[in-house]
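Heads up, the thing below is written out as structure tokens.
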Amino acid sequence: MSAVIEKFIRYVKFDTQSDTETGLTPSTPGQMFLAKELTRELEEMGLENISLDENGYIMAVLPSNLDHEVPAVGFVAHMDTSPDFSGKHVKPQFWENYNGEDIVLNEEKNIVMKVADFPELKKYKGQTIITTNGITLLGADDKAGVAEIMTAIEYLTEHPEIKHGPVHVGFTPDEEIGKGADFFNVKKFGAEFAYTLDGGEIGELQYENFNAAFAKISFQGRNVHPGMAKDKMINSMLIANEFLTRLPENEVPDKTEGYEGFYHLISMAGNVENSNLQYIIRDFEMKKYEGRKQFVQSLCDEFCEKYGEGSVSLEITNQYYNMREKIEPVKYIVDIAEEAMKQVGVEPMIIPIRGGTDGSRLSYMGLPCPNIFAGGHNFHGRFEYVPVESMEKSVEVILKIVELISKR
Ligand SMILES: [Zn+2]
């Protein structure tokens, strides 16, 4: 078994499912157990400035062995797994020389991963695929990334003849609950730029994501006995309904893709007296993003005019921004990753992320941070899988990036 797979299999046995409810960082104790194990391994490898803080953030440095200065590069992955599906007692299964057909994950429970549902499976015919046993998620998101970084670092420590600049390593908790960057100390981390190893299939390289806002629109009605309501009652639910039909019906998640933005109604609640609508607003272009927020504002103004002062109120908050803005000035870091992939025989797929990443937040915190594939598919559920060859290629990409930087 290759080093990266041995590590991966070991890491997925830690239950590191994060939890939105505890309010703690890390949100669950299991993440700290894995963090301690990783810290121990980094010590064994002889890295420097190793720290594991009380929030579960690991940082460490493999010092340069060059006699000239090159930029310090970082590699970052998250230790937690999704709250959406159990990560307890993960029992990985290996499908060697995969035949390209449906995979029976669990005979007893009749859980089958079908090629008809997941046609990408066919790309891995002849490779070795690691799946779950159908009862838990796998945790390739993002323990594949963790294992890949650890393996690349170990390789460098075992091959001192390979020349490299300073390589910084960061492992974070609670990415899956959107808190992975909260306590990340960019200054302490000390890298000039970094890469998150948190992408999906082989070749993924991402440096664009949504600009994101959350909007809550509240409607104030007036309740009166329905028998005496003529010209008195104002039913806030009906105003809310009128409001939501004014948003463009095709600009919703299920009718958009690529670089298209949307308004997504995530919640509606109400009675005669009070109602509210909650939306998330997404767009890649800052101008369009601002335009969407303004459109919602102008609708609120229009409704206020129609139904009276204070009948409609809007709270709108920015959630995160497109990291492209922070990465474009240092675009060469994307070029390096692209070149590294090509040199190890991986076809780069540069695609926008229709969501956010810790990397986008880190980019705005001063650490430009594109995202690279870790190799997995079908994250956050029982059909998660990762091809061994993709993970091995990811390790090669990390090593090649380090090499390319050392030659700059
Ligand atoms: Zn992830």
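The values are calculated or read from the model by the stated rules, or taken from the named source; none is laboratory data. Keep in mind that this is a model prediction, so the values were computed, not measured. Backbone-built Cβ (ideal geometry, glycine too); neighbour counts: all protein chains shown. When the accessible area is computed, the model is the full protein with side chains, heavy atoms only, and any ligands, DNA or RNA have been set aside. Shrake-Rupley method; radii C 1.70, N 1.55, O 1.52, S 1.80 Å.
Against the test of being farther than 28 Å from Tyr289 by Cβ and either among the hydrophobic types (A, V, I, L, M, F, W, C) or touching a Cys at 6+ places or on another chain (Cβ under 8 Å) (or both), the options Ala181, Ala152 yield a single qualifying residue, Ala152. Here Pro26 fulfils each of the conditions (1) in contact with a Pro (Cβ under 6 Å, 6 or more places away or on another chain); (2) assigned to a strand (DSSP E or B) apart from (2). Residues that are assigned to a loop (DSSP other than H, G, I, E, B) and over 23 Å from Ser82 (Cα atoms) were ranked within region 161-184; the one that is farthest from the ligand (Cβ to nearest atom) is Glu161.
The set of residues in region 117-140 that are more than 17 Å from Val395 (Cβ to Cβ) and not in a loop (DSSP other than H, G, I, E, B) comprises Pro119, Glu120, Leu121, Lys122, Lys123, Tyr124, Ile129, Thr131.
Could you tell me how many of the residues in region 242-264 are farther than 21 Å from Lys306 by Cβ, open to solvent by less than 70 Å² (accessible area, probe 1.4 Å) and not in a loop (DSSP other than H, G, I, E, B)? Looking only at that region, the number is 3. Taking helices (runs of 4 or more DSSP H) as the structural unit, those lying wholly within region 277-358 and holding at least 2 residues that are farther than 30 Å from Glu201 by Cβ and aromatic (Phe, Trp, Tyr) correspond to 286-307. Here the condition is being open to solvent by 30 Å² or more (accessible area, probe 1.4 Å), in the same structural domain as Asp182 (by the TED database) and at pLDDT below 95; of Arg382, Arg361, it holds for Arg361 alone. Total residues in region 99-116 satisfying the condition of being in contact (Cβ under 8 Å) with a residue 24 or more places away in the chain and either in a strand (DSSP E or B) or within 18 Å of Ile135 (Cβ to Cβ) (or both): the figure is 6. Per the conditions (1) part of a loop (DSSP other than H, G, I, E, B); (2) within 15 Å of the ligand (Cβ to nearest atom); (3) open to solvent by less than 10 Å² (accessible area, probe 1.4 Å), the sole criterion not satisfied by Ser394 is (1). Contact map, region 168-184: first residue over 24 Å from Ile401 (Cα atoms), second residue more than 15 Å from the ligand (Cβ to nearest atom) and β-branched (Val, Ile, Thr), Cβ cut-off under 8 Å, separation 6 or more or different chains; pairs are Pro173/Thr25; Asp174/Thr25; Ile177/Thr20; Lys179/Thr25; Asp182/Thr25; Phe183/Thr25.
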